[in-house]
1. Looking at the stretch 157-175, can you tell me whether even one residue there is under 26 Å from residue 89 (Cβ atoms) and surrounded by fewer than 17 Cβ atoms within 10 Å (Cβ to Cβ)?
2. Are any residues in the stretch 159-168 within 28 Å of the chain's Cα centre (by Cα) and under 16 Å from residue 141 (Cα atoms), and if so, which ones?
3. Do you know which residues across the stretch 107-131 are part of a helix (DSSP H, G or I) and open to solvent by 40 Å² or more (accessible area, probe 1.4 Å)?
4. Failed condition for residue 147, given (1) out of contact with any Ser or Thr (no Cβ under 9 Å at 6 or more places or on another chain); (2) under 19 Å from residue 208 (Cα atoms), with all others met?
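The values are calculated or read from the model by the stated rules, or taken from the named source; none is laboratory data. Please read all numbers here as calculations on a predicted model, not as lab measurements. No Cβ is skipped: glycine too gets one built from the backbone with ideal geometry, and neighbour counts run over all protein chains shown. Keep in mind that these areas ignore ligands, DNA and RNA; they rest on the heavy atoms of the full protein, side chains included. Shrake-Rupley method; radii C 1.70, N 1.55, O 1.52, S 1.80 Å.
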Amino acid sequence: NLVNFEFPLDLSDVQSNIVNQVTQDWQQAFEESFLPLNDNQKSFLYDSIEKKFFSDYFFIADDALTAISFPVNLEQFKEQNPIYMHPFNQFWKTFSKAQPDWMDGYFKIQSLLLCRYFLPIRMVLPKVKVYVDSDLTSLSLNRMKDHLVLYFANKYQISIVTTNKEADLIVTTTKPQKDKILPGQEVVMTRIQLAKRDLLHIDQAIQKIVFK
(Lines give C-alpha, C1' and ligand atoms only; values in the text may rest on other atoms or scores of the structure.)
Protein backbone atom coordinates (compact mmCIF):
# COMPACT_ATOMS: atom_id res chain seq x y z
CA ASN A 1 0.00 0.00 0.00
CA LEU A 2 1.70 3.19 -1.16
CA VAL A 3 -0.21 5.29 1.35
CA ASN A 4 1.33 3.47 4.33
CA PHE A 5 4.70 2.69 2.74
CA GLU A 6 7.60 4.71 4.18
CA PHE A 7 10.83 5.23 2.30
CA PRO A 8 14.04 4.95 4.35
CA LEU A 9 15.30 8.00 2.45
CA ASP A 10 14.54 11.68 2.93
CA LEU A 11 12.85 12.78 -0.26
CA SER A 12 11.89 16.27 0.92
CA ASP A 13 14.58 17.95 -1.18
CA VAL A 14 14.07 15.77 -4.22
CA GLN A 15 12.26 17.47 -7.08
CA SER A 16 10.97 15.58 -10.07
CA ASN A 17 9.42 17.18 -13.12
CA ILE A 18 7.72 13.88 -13.87
CA VAL A 19 6.11 13.66 -10.42
CA ASN A 20 5.02 17.28 -10.67
CA GLN A 21 3.43 16.75 -14.07
CA VAL A 22 1.72 13.46 -13.16
CA THR A 23 0.35 15.03 -9.98
CA GLN A 24 -0.93 18.00 -11.93
CA ASP A 25 -2.61 15.78 -14.53
CA TRP A 26 -4.14 13.53 -11.86
CA GLN A 27 -5.48 16.52 -9.96
CA GLN A 28 -6.91 18.12 -13.08
CA ALA A 29 -8.65 14.88 -14.11
CA PHE A 30 -10.06 14.42 -10.60
CA GLU A 31 -11.35 17.97 -10.34
CA GLU A 32 -13.02 17.73 -13.75
CA SER A 33 -14.85 14.54 -12.75
CA PHE A 34 -15.42 15.08 -9.02
CA LEU A 35 -14.58 18.28 -7.11
CA PRO A 36 -11.64 20.60 -6.28
CA LEU A 37 -8.95 19.37 -3.89
CA ASN A 38 -7.89 21.35 -0.84
CA ASP A 39 -4.24 22.00 0.06
CA ASN A 40 -3.94 19.00 2.39
CA GLN A 41 -5.38 16.71 -0.25
CA LYS A 42 -3.00 18.08 -2.87
CA SER A 43 -0.06 17.39 -0.57
CA PHE A 44 -1.31 13.86 0.12
CA LEU A 45 -1.73 13.27 -3.61
CA TYR A 46 1.80 14.48 -4.37
CA ASP A 47 3.26 12.15 -1.73
CA SER A 48 1.32 9.20 -3.17
CA ILE A 49 2.46 9.93 -6.73
CA GLU A 50 6.04 10.38 -5.54
CA LYS A 51 6.01 7.02 -3.76
CA LYS A 52 4.64 5.34 -6.87
CA PHE A 53 7.29 6.99 -9.03
CA PHE A 54 10.22 5.85 -6.89
CA SER A 55 8.77 2.42 -6.08
CA ASP A 56 8.70 1.64 -9.81
CA TYR A 57 12.51 1.51 -9.67
CA PHE A 58 12.32 -1.36 -7.17
CA PHE A 59 9.06 -3.17 -7.93
CA ILE A 60 7.33 -4.18 -11.15
CA ALA A 61 3.54 -3.83 -11.08
CA ASP A 62 1.87 -7.09 -12.07
CA ASP A 63 -1.79 -6.78 -13.02
CA ALA A 64 -2.54 -10.46 -12.42
CA LEU A 65 -1.01 -10.35 -8.93
CA THR A 66 -2.76 -7.05 -8.20
CA ALA A 67 -6.13 -8.59 -9.10
CA ILE A 68 -5.83 -11.34 -6.48
CA SER A 69 -3.87 -9.57 -3.74
CA PHE A 70 -5.34 -6.07 -3.60
CA PRO A 71 -8.10 -5.41 -1.03
CA VAL A 72 -10.33 -3.92 -3.77
CA ASN A 73 -11.84 -5.96 -6.58
CA LEU A 74 -12.44 -3.46 -9.36
CA GLU A 75 -15.16 -5.46 -11.11
CA GLN A 76 -17.00 -6.13 -7.87
CA PHE A 77 -16.75 -2.47 -6.88
CA LYS A 78 -18.09 -1.47 -10.32
CA GLU A 79 -21.08 -3.76 -9.88
CA GLN A 80 -21.84 -2.53 -6.36
CA ASN A 81 -21.19 1.17 -6.98
CA PRO A 82 -22.20 2.08 -10.55
CA ILE A 83 -22.93 5.67 -9.54
CA TYR A 84 -19.36 6.22 -8.31
CA MET A 85 -17.78 4.38 -11.21
CA HIS A 86 -19.35 6.68 -13.79
CA PRO A 87 -17.28 9.77 -12.83
CA PHE A 88 -14.30 7.57 -11.95
CA ASN A 89 -14.21 6.09 -15.45
CA GLN A 90 -14.29 9.59 -16.89
CA PHE A 91 -11.48 10.61 -14.54
CA TRP A 92 -9.37 7.59 -15.54
CA LYS A 93 -9.97 8.21 -19.24
CA THR A 94 -8.79 11.82 -18.90
CA PHE A 95 -5.79 10.90 -16.78
CA SER A 96 -4.77 7.97 -19.00
CA LYS A 97 -4.83 10.20 -22.06
CA ALA A 98 -2.47 12.64 -20.34
CA GLN A 99 -0.26 9.95 -18.74
CA PRO A 100 -0.41 6.69 -20.78
CA ASP A 101 2.68 5.33 -18.98
CA TRP A 102 0.75 5.32 -15.69
CA MET A 103 -2.12 3.09 -16.83
CA ASP A 104 -1.12 -0.12 -15.01
CA GLY A 105 -3.80 -1.97 -13.07
CA TYR A 106 -2.12 -1.35 -9.73
CA PHE A 107 -2.19 2.41 -10.09
CA LYS A 108 -5.76 2.34 -11.38
CA ILE A 109 -6.89 0.68 -8.16
CA GLN A 110 -4.64 2.97 -6.14
CA SER A 111 -6.28 5.92 -7.89
CA LEU A 112 -9.72 4.57 -7.03
CA LEU A 113 -8.69 4.39 -3.37
CA LEU A 114 -7.37 7.95 -3.56
CA CYS A 115 -10.64 9.12 -5.12
CA ARG A 116 -12.60 7.41 -2.35
CA TYR A 117 -10.30 8.98 0.26
CA PHE A 118 -10.80 12.47 -1.17
CA LEU A 119 -14.50 11.96 -1.83
CA PRO A 120 -16.15 9.12 0.15
CA ILE A 121 -18.83 7.14 -1.66
CA ARG A 122 -21.55 8.35 0.70
CA MET A 123 -20.97 11.91 -0.54
CA VAL A 124 -21.99 11.06 -4.10
CA LEU A 125 -24.89 8.69 -3.46
CA PRO A 126 -27.89 9.84 -5.51
CA LYS A 127 -30.96 11.07 -3.67
CA VAL A 128 -34.22 9.29 -4.39
CA LYS A 129 -37.64 10.12 -2.98
CA VAL A 130 -39.80 7.06 -2.35
CA TYR A 131 -43.49 6.85 -1.51
CA VAL A 132 -44.64 3.56 0.02
CA ASP A 133 -48.30 2.76 -0.60
CA SER A 134 -49.84 -0.12 1.32
CA ASP A 135 -52.81 -1.24 3.38
CA LEU A 136 -50.47 -2.52 6.09
CA THR A 137 -50.75 -1.49 9.71
CA SER A 138 -48.65 1.50 10.75
CA LEU A 139 -46.09 -0.71 12.50
CA SER A 140 -45.67 -3.02 9.51
CA LEU A 141 -45.53 -0.08 7.11
CA ASN A 142 -42.79 1.60 9.15
CA ARG A 143 -40.82 -1.65 9.22
CA MET A 144 -41.09 -1.87 5.44
CA LYS A 145 -39.90 1.72 5.03
CA ASP A 146 -36.94 1.13 7.35
CA HIS A 147 -36.05 -2.02 5.42
CA LEU A 148 -35.92 -0.06 2.16
CA VAL A 149 -33.77 2.74 3.56
CA LEU A 150 -31.31 0.42 5.31
CA TYR A 151 -31.03 -2.08 2.45
CA PHE A 152 -30.00 0.59 -0.05
CA ALA A 153 -28.05 2.77 2.42
CA ASN A 154 -24.69 2.08 0.72
CA LYS A 155 -26.06 2.73 -2.75
CA TYR A 156 -28.68 5.49 -2.57
CA GLN A 157 -29.84 8.21 -0.21
CA ILE A 158 -33.48 7.22 0.08
CA SER A 159 -35.93 9.60 1.70
CA ILE A 160 -39.47 8.43 2.39
CA VAL A 161 -42.06 11.03 1.41
CA THR A 162 -45.63 11.32 2.66
CA THR A 163 -47.42 11.85 -0.67
CA ASN A 164 -47.11 10.22 -4.06
CA LYS A 165 -46.80 13.63 -5.75
CA GLU A 166 -43.37 14.17 -4.13
CA ALA A 167 -41.99 10.78 -5.13
CA ASP A 168 -39.55 9.66 -7.81
CA LEU A 169 -40.53 6.07 -7.08
CA ILE A 170 -43.75 4.52 -5.77
CA VAL A 171 -43.44 1.18 -3.99
CA THR A 172 -46.80 -0.45 -3.41
CA THR A 173 -48.13 -3.73 -2.04
CA THR A 174 -51.49 -3.17 -3.74
CA LYS A 175 -52.44 -2.77 -7.37
CA PRO A 176 -51.25 0.72 -8.37
CA GLN A 177 -53.90 3.24 -9.40
CA LYS A 178 -52.94 4.69 -12.77
CA ASP A 179 -54.55 8.05 -12.05
CA LYS A 180 -52.15 8.52 -9.11
CA ILE A 181 -49.02 7.92 -11.17
CA LEU A 182 -47.40 11.09 -12.47
CA PRO A 183 -45.30 11.34 -15.65
CA GLY A 184 -41.72 10.31 -15.00
CA GLN A 185 -42.49 8.29 -11.88
CA GLU A 186 -41.46 4.66 -11.56
CA VAL A 187 -43.77 2.16 -9.86
CA VAL A 188 -42.88 -1.20 -8.35
CA MET A 189 -45.43 -3.59 -6.91
CA THR A 190 -44.01 -5.82 -4.18
CA ARG A 191 -44.92 -8.44 -1.65
CA ILE A 192 -45.68 -7.40 1.91
CA GLN A 193 -42.50 -9.15 3.02
CA LEU A 194 -39.88 -7.66 0.70
CA ALA A 195 -38.17 -10.56 -1.06
CA LYS A 196 -34.86 -10.44 -2.92
CA ARG A 197 -36.73 -10.28 -6.22
CA ASP A 198 -38.71 -7.27 -4.97
CA LEU A 199 -35.54 -5.49 -3.90
CA LEU A 200 -33.97 -6.25 -7.27
CA HIS A 201 -36.95 -4.72 -9.08
CA ILE A 202 -36.78 -1.67 -6.83
CA ASP A 203 -33.06 -1.34 -7.54
CA GLN A 204 -33.69 -1.54 -11.29
CA ALA A 205 -36.38 1.13 -11.05
CA ILE A 206 -34.09 3.45 -9.09
CA GLN A 207 -31.36 3.01 -11.68
CA LYS A 208 -33.82 4.10 -14.37
CA ILE A 209 -34.47 7.25 -12.35
CA VAL A 210 -30.81 7.96 -11.64
CA PHE A 211 -29.55 7.33 -15.18
CA LYS A 212 -32.31 9.20 -17.04
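1. yes
2. Kept after step one, since they are within 28 Å of the chain's Cα centre (by Cα), are these residues of the stretch 159-168: 159-161, 166-168.
Across the stretch 159-168, the qualifying residues are 159, 160, 161.
3. Correct list: 108, 113, 116, 117, 122, 123.
4. (2)
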